[in-house]
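Encoded as structure tokens, the structure appears first; notes follow it.
The values are calculated or read from the model by the stated rules, or taken from the named source; none is laboratory data. Remember, predicted model here, so these are calculated numbers, not experimental data. Heads up, the Cβs are rebuilt from the backbone with ideal geometry, glycines too, and the neighbour counts pull from every protein chain shown. Ligands, DNA and RNA are excluded from the accessible area calculation, which covers all protein heavy atoms including side chains. Shrake-Rupley method; radii C 1.70, N 1.55, O 1.52, S 1.80 Å.
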Amino acid sequence: MSAKIDTIRSFIKNNKKEYIELEKLLTQNKALAPENGGEGELDKCEALQAFLKDHGINNLERYDAPDSRAKGGIRPNLVATIEGKNNDYSIWIMAHLDVVPAGDLSLWNTDPWTVVEKNGKLYGRGVEDNQQGLVSAFAAAWAYVSTGEKPEHTVKLLFAADEEVGSHYGIIWLLEHTQLFNKNDLIIIPDGGDSKGETIEVAEKNIIWFEFTTIGKQCHGSRPDEGKNACLAANHLAVRLNSGLKAAFNKTDKMFTPDYSTFEPTMRTANVEGVNIIPGSDIMCMDCRILPCYSCDEVISKVEEICKGEEAEFGVTITFKMLQKAQSVATPKDAKVVKLLSESLKEAHGIESKIIGIGGGTVGAELRNMGYDCVVWGTLDELAHMPNEYCIVENIIKDAETLAVLMSK
């Protein structure tokens, strides 16, 4: 390893206090979406801007998406640029500013909005999701700025809005209203991973959330012959959908866990208010996570077929709508960003990386669908959205070192 990288890594390791201070600053500036009862990300973004300037990162640009519900009428997206030796492509590290609500406060051992340090861990809402990745990106960039070294290629840190509630004012708005990215840029999203930091996510399962409404005829519980039991038909529908879709879309892919498509009935809404009433209507939801070898349209077509069969059997009417539909292409396993991150993990920590896909959705889907290669990666215990969320300080440092090595390539 070069003397330059040794100097940068030493700087990263010797400034742990700054990373803790940044975590504290970010956590105390709540960044909750209006949908979650908050005012958006403006206070947090401005606090971060001031912190970056105080640490010599001055090339900052704001891209504010209009949102009348939020403080200042905007949802801010911040880009910090560290000029590199070459400008043929940029290395993007993308984190998000917003967090989810704390939830049931009785489940927390500490105030979720005040970071508490204990046994090498920082506790607080957002410290892992996604402030750990944000702070690691800062630490790597700051090390270059402070040591006077230049990364091999220009580095851009993107701190985006609205990831937790759909990204309509974050990455989706940026892709629609700006020309930030070039197709040869490398994009790393430190917003998921594993406790060893060895998994590199390059693909996501397609997602459909269905809401099915079954309409029958309400009647007295003692005279089912006079009605059409919507609850019974809906229960049968749930079983038929689960088994029928699994049979129709039965391929496996070892890159994912589980390695097959899933079609799970989930939420039900109340139908009647008495045990002795046969429901005339029923609403049931289903969460489908589909291997990318199948299209959402193929699944929808099969769902329509199954629904028609249930209508004929039970004499009911079944309609459905999609609460969510997301489909994305994969980043090729041999893409440059995958190759360089794998090499950097090996060089920095001796880690042999594993290429995976996931069932959850990330902003990576939006970027991949627009033709940008990106990966999701990080070293973390996956405490996102849980009470007593924590991050491990050494993981901040470890990931910053990996990013710093990658910036040198």
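Looking across segment 131-152, the residues that are in contact with a strand residue (DSSP E or B) (Cβ under 6 Å, 6 or more places away or on another chain) and closer than 17 Å to ILE20 by Cβ come down to GLN132, GLY133, LEU134, ALA137. Taken over segment 354-376, the residue count meeting the criterion of being surrounded by fewer than 20 Cβ atoms within 10 Å (Cβ to Cβ) and polar (S, T, N, Q) is 1.
Looking at segment 242-267 only, could you name the residues that are in a loop (DSSP other than H, G, I, E, B) and either open to solvent by less than 20 Å² (accessible area, probe 1.4 Å) or not polar (S, T, N, Q) (or both)?
Of everything in segment 242-267, those that are in a loop (DSSP other than H, G, I, E, B) and either open to solvent by less than 20 Å² (accessible area, probe 1.4 Å) or not polar (S, T, N, Q) (or both) turn out to be PHE249, LYS251, ASP253, LYS254, MET255, PHE256, PRO258, ASP259, SER261.
Considering segment 202-238, and only residues there that are among the charged types (D, E, K, R) and under 33 Å from the mean Cα position of the chain (by Cα), the residue that is farthest from THR252 (Cα to Cα) turns out to be GLU211. How about segment 1-48: which of its residues are of a type in the set (A, V, I, L, M, F, W, C), over 22 Å from LYS398 (Cα atoms) and crowded, with 18+ Cβ neighbours inside 10 Å? Listed by number, the residues that qualify are ALA31, LEU32, ALA33, LEU42, CYS45. Summed over segment 195-241, residues that are surrounded by 15 or more Cβ atoms within 10 Å (Cβ to Cβ) and either without any contact (Cβ under 8 Å) to a residue 24 or more places away in the chain or in a helix (DSSP H, G or I) (or both) total 11. Considered as a group, the residues in segment 49-93 that are out of contact with any helix residue (DSSP H, G or I) (no Cβ under 9 Å at 6 or more places or on another chain), more than 23 Å from TYR372 (Cα to Cα) and of a type outside the set (Gly, Ala, Ser) include one that is surrounded by the most Cβ atoms within 10 Å (Cβ to Cβ), and that residue is GLN49. Of all residues in segment 146-167, those satisfying the criterion of being touching a residue at least 60 places away in the same chain (Cβ under 8 Å) and either farther than 22 Å from ASN87 by Cβ or surrounded by fewer than 20 Cβ atoms within 10 Å (Cβ to Cβ) (or both) are SER146, THR147, GLU149, LYS150, GLU152, ALA160, ALA161, ASP162, GLU163, GLU164, VAL165, SER167. Checked against (1) in contact with a strand residue (DSSP E or B) (Cβ under 9 Å, 6 or more places away or on another chain); (2) open to solvent by 20 Å² or more (accessible area, probe 1.4 Å); (3) assigned to a loop (DSSP other than H, G, I, E, B), GLU117 meets all criteria but (3). The listed residues are TYR63, TYR89, and the only one of them that is part of a strand (DSSP E or B) and closer than 20 Å to ASP191 by Cβ turns out to be TYR63. Would you call ALA270 loosely packed, with under 13 Cβ neighbours inside 10 Å, within 38 Å of the chain's Cα centre (by Cα) and in a loop (DSSP other than H, G, I, E, B)? Here the answer is yes, as ALA270 does meet what is asked.
Looking only at segment 275-292, residues that are of a type in the set (Gly, Ala, Ser) and open to solvent by less than 20 Å² (accessible area, probe 1.4 Å) come to 1 in all.
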